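Working notes for the structure below.
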Amino acid sequence: SRGPLNVGQPEPGGYGIVYGIIAANVGIYAMWNCKSDKDYRRWMSSNFTLSVKNIYEGRYHTLLTSAFSHTASWHIAGNMLTLWCFGCQMIALSSATAFTSLYFAGCLTSGIGFLCFDFYNAYQAFLSDVVENRQISAMEGASGAISGILAWSVLHDPKQTLYFLGVLPIPAALLWGGLVGFD
């Protein structure tokens, strides 16, 4: 079957990785929304969001699990639609292995970037004696991984036209830059 951007045939079973990642994201979204119990939400935050606190406490797995975690409907809907479109395009034009490698590299790179930025902010707060007023920030969502996939698509064909919200034609490089800036 053809992918959403009508780019051709993938390797056999190639789109399965995209559908598997979408299923994992939807499953974790459902986990966030199935209970409102304070202890359960704390457990979800400890295991499915990335923060300096979680890393300090030894929960290194959150570098990956946070990239499958969404609490807002609009966030998961936008990320999964974008993943479906551009993930299938990448697989059809390259391979499932290249897609999977880039996806997880995007997860890790965006997570490490977030931790560096947040650690820097915590250090600045420490230096200015406002530590007690600083809230712990946490990262969730697949946006970093998806930004990597979008970047590949733009670099692969920088002259392609993409349709923002499915209706407004925009040059791929401009749309990607705007989405990264917004995110």
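The values are calculated or read from the model by the stated rules, or taken from the named source; none is laboratory data. Owing to the predicted nature of the structure, the values given are computational and were not obtained by experimental measurement. Quick reminder, even Gly has a Cβ in these numbers, built from the backbone with ideal geometry, and neighbours come from all protein chains shown. When the accessible area is computed, the model is the full protein with side chains, heavy atoms only, and any ligands, DNA or RNA have been set aside. Shrake-Rupley method; radii C 1.70, N 1.55, O 1.52, S 1.80 Å.
Keeping every protein chain in place, order Ile91, Ile17 by accessible area at 1.4 Å, biggest value first, i.e. largest first.
Most to least solvent-accessible, the answer reads Ile17, Ile91.
Taking the Cα of Leu155, stepping 7 Å toward and past its beta carbon, and measuring to each backbone N in the range 62-86: which are under 19 Å?
Residues 83, 86 fall inside that zone.
Work out how much length Leu174 to Ser137 would gain on full extension: take 0.36 nm times their residue separation and subtract the Cα-Cα distance, in nm to one decimal.
Full extension of this stretch gives 10.4 nm more.
Name all residues of the range 65-86 having a backbone nitrogen under 15 Å from the label point set 7 Å from the Cα of Tyr19 along its Cα→Cβ direction, giving them as ranges.
84-85
Within the range 53-88, report the chymotrypsin sites (Phe, Trp or Tyr not before Pro) that DSSP leaves as loop and that have at most 15 other Cβ atoms within 10 Å.
Hits after loop and neighbour filter: Tyr60.
Using the Cα atoms as the points, what is the convex hull volume per residue of the range 28-150 in Å³?
Output value, Cα hull per residue: 112 Å³.
Show which lysines lie in cross-link reach of Lys53 when reach means a straight Cα distance below 30 angstrom and same-chain residues fewer than eight apart are skipped.
Reachable lysines: Lys35, Lys38.
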